[in-house]
Structure formats: C-alpha cells, structure tokens
1. State yes or no: is ILE198 near the ligand (Cβ under 7 Å from one of its atoms), of a type outside the set (Lys, Arg) and at negative phi?
2. Using beta carbons and a limit of 6 Å, which pairs, at least six apart or on different chains, have the first residue in segment 209-226 and under 17 Å from VAL252 (Cα atoms) and of a type outside the set (Lys, Arg) and the second one at pLDDT below 95 and outside any strand (DSSP E or B)?
3. Restricting attention to segment 64-84, which residues are polar (S, T, N, Q) and more than 16 Å from GLY26 (Cα to Cα)?
4. Got at least one residue in segment 268-280 being under 24 Å from the mean Cα position of the chain (by Cα) and within 14 Å of the ligand (Cβ to nearest atom)?
5. Name the residue, out of VAL187, VAL130, that is within 27 Å of LEU253 (Cβ to Cβ) and modelled with pLDDT of 95 or more.
6. Do you know which residues across segment 132-146 are open to solvent by 50 Å² or more (accessible area, probe 1.4 Å) and under 17 Å from VAL183 (Cα atoms)?
7. Could you say which residue among SER139, SER162 is over 20 Å from GLY63 (Cβ atoms) and among the small types (Gly, Ala, Ser)?
8. Take the residues in segment 192-234 that are surrounded by fewer than 16 Cβ atoms within 10 Å (Cβ to Cβ) and small (Gly, Ala, Ser), then tell me which one is nearest to ARG75 (Cα to Cα).
Amino acid sequence: MASGPAEVLAFVNGAQISEGGYTIFGLPSRNRHGTTNITTTIEGLKNRVDFREAVDYVVTEFGVASLKGLTLRERAQALIEIAHPDNRVELIAAAKRENILYRDQIYLAESVRYFPSHINECHQFKSGVVIRFRPIRPSDEEEMRRLFYRFSDESVYYRYFSALKTMPHTRMQTYVNVDWSDVMSIVGIVGKPGQGAIVAEARYLVEPNGQWAEIAFVVDESYQNIGISTYLFNLLVRLAQKKGIKGFWADVLFSNSAMMKVFSKSSLQVMKELEEGVYHVTMPFDSP
Ligand SMILES: CC(C)(COP(=O)(O)OP(=O)(O)OC[C@H]1O[C@@H](n2cnc3c(N)ncnc32)[C@H](O)[C@@H]1OP(=O)(O)O)[C@@H](O)C(=O)NCCC(=O)NCCS
C-alpha cells in the first residue's frame, strides 16, 4: 500500500493492523528550498502525525533508518545518519541543545565521506544462522553496549585486557564513531533487517605509519564457534589488502585458543612471540 501526505493517518493505521505490515516514510533528505527534511522537532509543521511509534522506517537517498523499538536518543542518531551530510553537524548540535543527544556526543564529519557503504554481506554459518555484515554506525552504540553486557568476565578480559565492569557512553561512543581512514569496523547482525541484534564486531586500526594494522574481534557467546570470526577475519584481510596495508598484528592472551585457532586456519603466515602470558602475533599479507 502506498500513500501521499493527505492520507497519512489511514495509511499508518492500515499498516499497523495488517499482518506483517510496516510504515515506511520515504522523503528526500532536503526539501525543494534546500533545507533539511530531517529535523529535531515537528512542532509547527502543518499536517503532522506526531505519534512517533507509528513509523517503522524512514528512507532518504542516504539510507534507511529503522526506528522500531529505539529510544529517543537512538532514533535521533538513526535519523541524523540519513540526513543530508551537510546538515548533520547542525542536527547533532541542535539535538544536543535539546538534550536529545548527550552533550558530549562526538561527531566525525569526515566519516560521512569515507563511509564504506559497499560493505554489505550476508552469510549462513554452520548452525544455519544467517548473519549480515555491515560497517558500524554511531546509532549502533546502544546495541554494542547490550552486546558488551552479555559477555562473561572472561570474554571481556580477552577483548579488553582488563576486567571492565561497565561500558559507559563516553567509552562506547569512541568505538562506534569511526573515521574510516585509520579504522575499519564491521558488525555482524542476526535477525530481520532493521530489527536485528549485533552479535559480533571486528576491527582493524591502522598504525600511524600506515603499513600495519592491529586487529580485534568479539563475538556474542551464544554465537561462538560457528565460524563468524573466521569469516570476519577473511573480510578484514580483503579490505586491508585493498588499502595497501602490509599485514595485521594482534596481542592475544596465552589461554585464548579460539582466537589463535582463527588465525592459524587462515592462509597467512602466523608468527608469534610469547611475552608475559601474551602472544604478539604478526601476519604479513605477502608471506608465501
Ligand atoms: C575469539 C573469538 C573472537 C572467536 O570467535 P568465533 O566466532 O567463535 O570464532 P570461529 O567460530 O570463527 O572460530 C573459532 C575456532 O576456535 C576453536 N576453538 C574454540 N575454543 C577452543 C579452545 N578452547 N581450544 C581450541 N580451539 C578452540 C573452534 O572450534 C573454532 O575452530 P573450528 O572452526 O576449526 O572448529 C570469540 O571466542 C570471542 O569473542 N572471544 C572473546 C573476545 C576475544 O577473545 N577477542 C579476541 C581479542 S584479540
């Protein structure tokens, strides 16, 4: 069913009572006067529909914001991500002023230019679980924090090398706001598009010399040992090779056999040095 502005209410009601129905709002990111169609408030607009739970998806030429079940802050981030890139700085500032986003919310303007939107893959793993892979987004912050709080102490220690108990906004926002020139971060998502849960994240961080990159992985404990890291590792290798990176390195705790297994299964040469219970692993791409 499709509708124009006049029958919005009927359209929304129709979608809500239809089995499997969704409301999808499609609009250009800017109106014909060149100003943004994505705003922090709809106060003062004519013909407005202001029951926010009614809208499932908003689509612009810059992507799809899936709003179902999101908090106000998550909704704002998701909508700003599909606003016109030249309006995003002002929208972030307005949302901070109106206490929709945290006052310390970071925004990397350059990230829009380099966002690797071409990375969008789906793969079925051993147990039949289908995972979608895409670049991380600022609006993934809450999902990434949920993932963190599902981990056992051991997984947290393996990933962060310390017994972190909390993952506050201040720390997680630095993980999810990526500049794409030095950092590549891919998330794995299970579930329907727009409604899934993040169950894996892998990243590389290019060193200042631009030649080598550190890698790190984390997979939800309910989804481990089905091949997700192995897939992500191969994906990161392909992406890094295209960028001219010479190889990966990682520090891995001695007892982390699963991580070492992922590396040893690859076709890369794996060189390791053990120091104080930590393997320093290097994997050059040009090795035989
Ligand atoms: C390490 C980690 C990322 C691996 O992710 P994963 O998606 O489960 O990895 P995969 O399923 O691709 O491969 C894991 C391999 O290790 C094997 N493995 C698991 N536990 C093992 C153990 N104790 N000893 C030996 N091998 C083990 C699995 O059988 C599998 O090998 P297989 O495919 O030949 O059967 C995941 O366990 C994790 O998130 N750990 C906590 C965070 C962490 O350690 N991060 C790494 C920081 S660098």
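The values are calculated or read from the model by the stated rules, or taken from the named source; none is laboratory data. From a predicted model like this one, the values you see are computed outputs, not experimental measurements. When we count neighbours, we look across all protein chains shown, and the Cβ atoms used for this are built from the backbone with ideal geometry, even at glycine. Ligands, DNA and RNA are stripped out before the accessible areas are found, and what is left, the full protein with its side chains, is counted by its heavy atoms. Shrake-Rupley method; radii C 1.70, N 1.55, O 1.52, S 1.80 Å.
1. For ILE198, the condition - near the ligand (Cβ under 7 Å from one of its atoms), of a type outside the set (Lys, Arg) and at negative phi - is not met.
2. Pairs that qualify, where the first residue is under 17 Å from VAL252 (Cα atoms) and of a type outside the set (Lys, Arg) and the partner is at pLDDT below 95 and outside any strand (DSSP E or B), are VAL218/ARG159.
3. Step one: filter segment 64-84 for residues polar (S, T, N, Q), giving 66, 71, 77.
Listed by number, the residues that qualify are THR71, GLN77.
4. Initial filter on segment 268-280 (under 24 Å from the mean Cα position of the chain (by Cα)): none.
Checking segment 268-280: not a single residue is under 24 Å from the mean Cα position of the chain (by Cα) and within 14 Å of the ligand (Cβ to nearest atom).
5. Working: VAL130 fails: within 27 Å of LEU253 (Cβ to Cβ).
Testing whether each residue is within 27 Å of LEU253 (Cβ to Cβ) and modelled with pLDDT of 95 or more leaves just VAL187.
6. From segment 132-146, those open to solvent by 50 Å² or more (accessible area, probe 1.4 Å) are 132, 137, 146; that's our starting set.
Across segment 132-146, the qualifying residue is only ARG137.
7. On the way: SER139 fails: over 20 Å from GLY63 (Cβ atoms).
The match here is SER162.
8. Checked segment 192-234; the qualifying residue nearest to ARG75 (Cα to Cα) is ALA197.
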